[in-house]
Structure formats: structure tokens, C-alpha cells
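Notes for the one structure printed next.
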Amino acid sequence: MSRPLLLKLLCLLSGLMIPATSFAADIDGSTLSLGWGIPFVGILLSIALCPLLIPTIWHHHFGKITALWSVLFLIPFTITFGMGTSVGLVAHAILAEYIPFIILLFALFTVSGGILVKGNLHGSPKLNTALLAIGAILASLMGTTGAAMLLIRPLIRANDNRKHRVHVIIFFIFLVANIGGGLTPLGDPPLFIGFLKGVDFFWTAKHMLLPVLISTLVLLALFYLVDSHYYKREDEIEARDPTPDSKLRLYGKFNFILLLAVVGSVLLSGFWKSGVEFIVLGVHMELQNITRDILLLVIAALSMMITAKQVRSANQFSWEPILEVGKLFAGIFITIGPVLAILRAGQDGHMAGLVAMVSDSEGAPINAMYFWLSGALSGFLDNAPTYLVFFNLAAGDAATLMGPLQQTLLAISMGSVFMGALTYIGNAPNFMVKSIATQSGIAMPSFFGYMKWSFGILIPLFLILTVIFFLI
């Protein structure tokens, strides 16, 4: 065994031998300055600027750059608050949040990548609009990640003879990777967190139906107009189609059963209350959640064993998108801790002004502000913990939020789900779709280039939704 590996194992073992009670995951956000958020902002700016300024270095070393920001946060944090608090923060971020998050994405990515739609359709405005509509529906049934990974490659192939394809991918991110997942707790991580906190499964379906329907229809209509404009241009269609139109055939059908198994595993962790928990490095881990994660890994392994290699090869399946998401979000989950702690501190934290914006002089919630603030933060932070922060800020009790404060819960739900489409990092599938499109030769916009599209199209839509649901 090499000496570096031996040292790593000894450090790990020594950490595990420290009593769990010495670790503290909670941070008093009222004592933290905004300076502790600099490494988190550094990761976001790296994601935004490095592909523009140093594309080659970023492509080969984005994991190391993310790790560097994490280290620049952890060293001063450990010196200031002690090893116990530092280990507790990292343990909670990784064990309680990151690992379940990435395992679910990994399972959906692996299983959906084993489904091959062979053959090709003609990427006309009607077909593209139909595919986006189907994807939006599937997003609430199999999750935004599953639906996005299932349909993004057939959509790219259908349009691979067109010069102007960027808008197709951008609207796909809007509808399939975000807004379409708003109907059920299975669709998007924020809604699943609400489900685990006691929000009724069918409350989400009932109250989110109209906002999702309006948003989807508006975006589909707008997409059809935009796509028709590009399609009619004389130089739009290349003379030779790289993948000529042919009859569609479906391969890897067993993976549809595995997708149902993924859904069942997620539901199991929500409905089954085992009452059994384990404490690992100070983190309380419940048996039903551990069982869910193990089942998801088994399902992914089954998909890899059963699916023919030719199917994944024809699907141009690679691990790069999930590896990219995994590396970047590991740093995000670690460095986001102080930012969320400051938000949780409410009026006592350095974001008191921001928190005060969601309540009037009598303390009643301003639902329009809940919609915009939870949404704006979800666009730049991870939308799942952002949902949780505003859920707790509003009441923290599911019964109250489904009762007298149901419009507030609707505002938080809409903001967290819909505005995750504002940036590439608002929701994990966004980055995965971008990565797959880039690998397929589509020159996707930069971080800020994408925001020109998202702000120009989505902000007017969100203003209309504000008037309809929170001001009338």
C-alpha cells in the first residue's frame, strides 16, 4: 500500500474514532459575517467565468478548482470554529444532503441512459414542440433528471441537421428540467423535501397544476413561434442530415421497469417511518433513507448489468455529465453551509434586510416576495435547501402551510421549482443537459449568455404569474 493512501486511511479511521457527540453540524448564523460566503460565490463565479476566460484549463481542472475553493473555506473555518464544528458541517453536507442528492441523480442518469430511442424524426417545429410537451409531462412522473436524460439525446438527433439549435436546448431546460417537474414531489427535489416535511402528495398536485399548466402552455407557444422563425430561414437546414429520418425503435425497455423502481424507492422513504436511526459523525441517518439510497444503487447496478453495451454506445452514453455535476455540487454543498445558516438566522443574521422583505409591518407573509426571493435564491443556490429555508421561515409546519398559509407554500413551491431555470446551476439537470449538448457539438451559451435567454423569456412570465396568483 502506498504511503499517501495509508495516511489517508489513518486520517479517516482517526476521524471515525472521535465520539459523535464532539461534532456539531449546526452553525449559529447570527455570528457569521457575509465574508464566509466568499468561497461559495467563488465557485459560482468560477462556473460562470472560467469557461469564458480559461476554457481549456477549466475543462481539464474544474474539479480541482472547485476543491480549491472548498479548501479555502474549510481551513479558516476550522481554525475559527474548531475541528468538531468543521467536521460536523462537512459530514452533514455530505452524508445528509449531498450523497442522497447525487445517488438519486446517478440512478436516474444511469437508468434513463439505458433507454435508446433508435431511428430519427424530422426536427420540425411541430415535432420539437411535441417532444417538449411530452418531456414536461414525464418530468413530474419520473423526475426532471430522468425525463431530461431520456429525451435530450433523441431531441438533439432530431435537430442535428439544423444550424440554429441552441434555442431548442434552452427551452428544453426551461420546461423539462424545471417547470415540468412541478406537479408532484417526485418531479423536483424541493417538492420532495416538502413531502418529507409533511406536505401531502396530492396537495402539490392540486395547487401546482394551474401554475405549471399556464407556464407550460405559454412557453410551448413561444417556443413554436421561435422555432418556426429559425426553421423558415433559407440557410437553416443543411443539405445532408447526419442521421436521416427513419422509423423509431425502442431498446432497453427493461429500464422503464427500473425507473418505476426508482420512483417506488423514493416513495418508500417518504411513507415508511421506521423509527430506526443511526448517528454517523454526528449526523442522524434514518433507516428508510439509507434503504432508499441502497436500493437506488442496486437499481443503477442492475441497469448497467442488464442493458446491452451497444444500447449505451448508440446513446453516446458517458459518465462525464454526472461526474461534472458530482464534482461541482460537492463543493457547492460544502461551501453553501454558512450562507444557509445566515438565512436561517432571520432578523438576527446579516441578511436581515432580505428576510424582512417577506413580511409586512404586522408580520403577515408577503406571498409575492416569498415567490421572488425563494425563486431568485433558487436560481443561484441549490433549490432544495433554499425551499427548506423559506419553508421554515414561513412557519415550518406543514399543516399550517397547507391551511391558512397555503398561498405562501404555493409561492415557495413555485419560486423554488420555476426559477431553478434561471441559471445553469439552479437545478442539477440544467448542467447535465448543457454538458450533453456541448458533447454533441452544440455551442451552448456561457453562464451569462444563458441568463440573457432565461431572464428575457422567463422574467416576464413570472411577473404575469405574480399578478395572477399573488396580487389579484
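Observations, loosely collected:
- SER440 being more than 18 Å from LEU191 (Cα to Cα) and more than 18 Å from the chain's Cα centre (by Cα): yes
- With respect to (1) closer than 20 Å to MET149 by Cα; (2) modelled with pLDDT of 90 or more; (3) open to solvent by 40 Å² or more (accessible area, probe 1.4 Å); (4) touching a strand residue (DSSP E or B) at 6+ places or on another chain (Cβ under 9 Å), the lone exception for ALA314 is condition (2).
Residue by residue, here is whether (1) within 27 Å of VAL71 (Cα to Cα); (2) open to solvent by 20 Å² or more (accessible area, probe 1.4 Å); (3) modelled with pLDDT of 90 or more holds:
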site	(1), (2), (3)
ILE336	yes, no, no
LEU354	no, yes, no
ASN367	no, yes, yes
ALA398	no, no, no
SER413	no, no, yes
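- When residues in region 320-333 are screened for being in contact with a Ser or Thr (Cβ under 7 Å, 6 or more places away or on another chain) and open to solvent by less than 20 Å² (accessible area, probe 1.4 Å), 3 of them pass.
- Whether a residue is surrounded by fewer than 19 Cβ atoms within 10 Å (Cβ to Cβ), at pLDDT 95 or above and among the aliphatic types (A, V, I, L, M) was assessed, and LEU461 passes this test.
- Scope region 103-131; condition part of a helix (DSSP H, G or I), open to solvent by less than 30 Å² (accessible area, probe 1.4 Å) and out of contact with any Ser or Thr (no Cβ under 9 Å at 6 or more places or on another chain); matching residues: ILE103, ASN128, THR129
- Residue within region 80-97 that is closer than 12 Å to LEU328 by Cα, open to solvent by 50 Å² or more (accessible area, probe 1.4 Å), under 23 Å from the mean Cα position of the chain (by Cα) and in contact (Cβ under 8 Å) with a residue 12 or more places away in the chain present: no
- Filtered by the rule that a residue be closer than 22 Å to ILE457 by Cα, open to solvent by 10 Å² or more (accessible area, probe 1.4 Å) and assigned to a helix (DSSP H, G or I), region 157-182 gives a lone residue, VAL166.
The values are calculated or read from the model by the stated rules, or taken from the named source; none is laboratory data. These figures come from a predicted structure and were not determined experimentally. Every residue, glycine among them, receives a Cβ derived from its backbone with ideal geometry; neighbour counts consider all protein chains shown. The area values use the complete protein model at the heavy-atom level, side chains included, leaving out ligands, DNA and RNA. Shrake-Rupley method; radii C 1.70, N 1.55, O 1.52, S 1.80 Å.
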